[in-house]
1. Considering only the range 26-66, state which residues are of a type in the set (Asp, Glu) and more than 40 Å from the chain's Cα centre (by Cα).
2. Go through the residues of the range 384-400 one by one and say whether even a single one is surrounded by 18 or more Cβ atoms within 10 Å (Cβ to Cβ), closer than 30 Å to GLN267 by Cβ and free of Cβ contacts under 8 Å to residues at least 40 places away in the same chain.
3. Any residue that is small (Gly, Ala, Ser) and assigned to a strand (DSSP E or B) - is there at least one of those in the range 208-221?
4. Assess whether GLN517 counts as being touching a residue at least 40 places away in the same chain (Cβ under 8 Å) and either assigned to a strand (DSSP E or B) or open to solvent by 30 Å² or more (accessible area, probe 1.4 Å) (or both).
5. Applying the selection to the range 18-74, what residues are in contact with a Ser or Thr (Cβ under 9 Å, 6 or more places away or on another chain) and in contact (Cβ under 8 Å) with a residue 60 or more places away in the chain?
6. Please enumerate the residues belonging to the range 49-63 that are loosely packed, with under 12 Cβ neighbours inside 10 Å and either among the small types (Gly, Ala, Ser) or assigned to a loop (DSSP other than H, G, I, E, B) (or both).
Amino acid sequence: MAAWVRPDALGRRVACGTDYGTVRYVGSVSRTAGIWLGVEWDDPQRGKHDGSYEGTQYFKCRHPRGGSFIRPNKANFGVDFLTAVKDRYGLNDKQDVQYGTENTVVFGTKAVEFVGMDSVAEQQRQVQLNKLVDISVRECAVSHAGQEEEISRTCANMRHINISKNLISSWETVIAIASQVQKLETLNVSENKMRFPSTSTFISSAFSNLKVLALNQTEITWTEVLLCAQGWPVLEELYLSSNNITVLERPENVLQTLKLLDLSDNQLLDGNQLHLIAQLPRLEQLILRNTGISSIHFPDAGFGCKTKMFPLLKRLAINDNKISQWSSINELDKLPSLRALQCNNNPFMDTEKNPETLIQLIIAKISQLEVLNNCEILPAERRGAELDYRKIFGNDWLKAGGHWNPEKNKPSEEFLAAHPRYPSLCLKYGAPEEGELKGRQPLTLKNQLLTLTIKCPEKPDQKPVEKKLPESMTIQKVKGLLYRLFKIPGSELKLSYESSKLEGKEVELDNDLKPLQFYSIESGDCVLVRW
């Protein structure tokens, strides 16, 4: 007798053990008996071939060894949403054993029947299901919504649903589930390889209250995002990582309420793709980790001006990319609202071997930055970074036409392109004096290191710390380092030192612009930190 195969099997998602795949073929295979399912596996290592057998191509795979044939009885086509919920939370019929499989209870030798025991158990299940607000059925083989209106009758109070990594084959299934949850605010459908609408269709009201939506690893395209977004009128957070999105389009009358957009692990064609989403009016956080971008440019604004793009963008993540030029960091100063930046693992960071100097350069180049790579930038650290930047590039400024006399100060376009913040730093702190610039050493020079003991007299329980610091390090830089070391936000540090040669004598380090060597500090001396 031939095995029964569900009529809608083609295109459905299936599981076989711990492996997931999509049915690409249903039928017979030459020189074999019975019906087979041709499956393209998510993990190509599970497969054996490209969908062909003995010279006949039965289906196609993206990977040359991503497919294989299995018998229908080996494929798990999944369960409906409510069954998965009951199984996950122990509220299905199997858990009713505690009430007795029979509707009778024995008292001594007499059996007493309890009429309606089944309905009592069902009512208790209903009450418990209605209490559920936050539901996760991740990896529970959910494939369809189930009977119409069954979810709305039993889980009326759900607000947050996680149905990631299941067997959902199409966006229509997601709509069928969500349309029964009136108060739905958060939905995670990640890791379901689905079919999405390719043309504008009926706009469902299923997502009328949805604020957060995760569609990571669903193979959705940006065009499909924009089509579906017509049904997301109040969406605030959208997660789209690992979807092979390469090209963006300008959102027209959609995504206008979006505050967070995650495009991580999508290899964008180039940095100019960002211009197409730059007018999202409420976007505050943009995550572009590992998107392959090599440069950032805002052509609508000149040196020292602010761009009209991304007007409310506060937090930007561009780590793990291919940005090699400091000019892209200069461009970020054009963003009017930028406060937090993540930029680790980009080639431009390899141009400076000293990590402390690297951080100082980024801080000095972006005027409003408050958090860099998840570390707070304290006021003293910013002041030190900007003063050092002004001094380090002072000679370059003079050679390019800069001058202490404002009437003669005409730095070249080339210098301004490389250091667009330099004029504003001169306005803030004054132009660097000739005496400051004469003693400047190049950034890459390995200065002599001093081994110093650092103590906090006001914290007797704090163990002394030993640090190796360059003798050319300014007092301002030392303070920035100590702010982070001792976590003393909002305080004005006061530094002094005791010489190992002159016991009992304490010298105050009172000029932020002077280097350690100015005070004749030597290895073995002790720096005292007060606030």
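The values are calculated or read from the model by the stated rules, or taken from the named source; none is laboratory data. Note that the structure is a prediction, hence the values are computed from the model and not measured. Cβ sites come from the backbone with ideal geometry, for glycine too, and all protein chains shown count toward neighbours. To get the accessible areas, we keep the full protein, side chains included, count just its heavy atoms, and leave off ligands, DNA and RNA. Shrake-Rupley method; radii C 1.70, N 1.55, O 1.52, S 1.80 Å.
1. GLU54
2. Scanning the range 384-400, I find no residue that is surrounded by 18 or more Cβ atoms within 10 Å (Cβ to Cβ), closer than 30 Å to GLN267 by Cβ and free of Cβ contacts under 8 Å to residues at least 40 places away in the same chain, so the answer is no.
3. yes
4. So GLN517 fits the description; yes.
5. THR22, ASP42
6. GLU54, GLY55, ARG62 - these are the residues of the range 49-63 that are loosely packed, with under 12 Cβ neighbours inside 10 Å and either among the small types (Gly, Ala, Ser) or assigned to a loop (DSSP other than H, G, I, E, B) (or both).
For (1) under 20 Å from GLU386 (Cβ atoms); (2) open to solvent by 60 Å² or more (accessible area, probe 1.4 Å); (3) not in a helix (DSSP H, G or I), each residue gets a yes or a no:
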| residue | (1), (2), (3) |
| --- | --- |
| GLN476 | yes, no, no |
| GLY480 | yes, no, no |
| LYS501 | no, yes, yes |
| GLY504 | no, yes, yes |
| LEU513 | yes, yes, yes |
| VAL527 | no, no, yes |
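Quick grid of which residues meet (1) at pLDDT below 90; (2) more than 42 Å from the chain's Cα centre (by Cα); (3) under 26 Å from GLN325 (Cα atoms); (4) in a helix (DSSP H, G or I):
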residue	(1), (2), (3), (4)
GLY401	no, yes, yes, no
TRP404	yes, yes, no, no
GLU407	yes, yes, no, no
LYS410	no, yes, yes, no
GLU414	no, no, yes, yes
PRO423	no, no, yes, yes
GLY435	yes, yes, no, yes
ARG440	yes, no, yes, no
LEU445	yes, no, yes, no
